[in-house]
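Asker: Let me give you the structure first, and then I'll get to my questions.
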């Protein structure tokens, strides 16, 4: 399980379909396969996004958290 900077486990909440669409608009290199997500499998999603975005885990979590705040 991935832990955010506040020591809390990272979890996707809210409407992932909307969130993933926004991410694809912002990061054109992301595909539907990269953004495929099943509840409880946040680690797999983070791994894919780290590779495609060429960012560290903490940066990817921050990107996702910022996006989730607007939904």
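The values are calculated or read from the model by the stated rules, or taken from the named source; none is laboratory data. Bear in mind that the values here come from a model prediction, so they are computed numbers and not experimental data. Quick reminder, even Gly has a Cβ in these numbers, built from the backbone with ideal geometry, and neighbours come from all protein chains shown.
Asker: It is to be established whether one or more residues within the range 20-28 are part of a helix (DSSP H, G or I), at pLDDT 90 or above and more than 17 Å from residue 66 (Cβ to Cβ).
Answerer: No, the range 20-28 contains no residue that is part of a helix (DSSP H, G or I), at pLDDT 90 or above and more than 17 Å from residue 66 (Cβ to Cβ).
Asker: Still on this model: From (1) modelled with pLDDT of 90 or more; (2) in a helix (DSSP H, G or I); (3) surrounded by 12 or more Cβ atoms within 10 Å (Cβ to Cβ), pick out the condition that doesn't hold for residue 51.
Answerer: Only one criterion is unmet by residue 51, namely (3).
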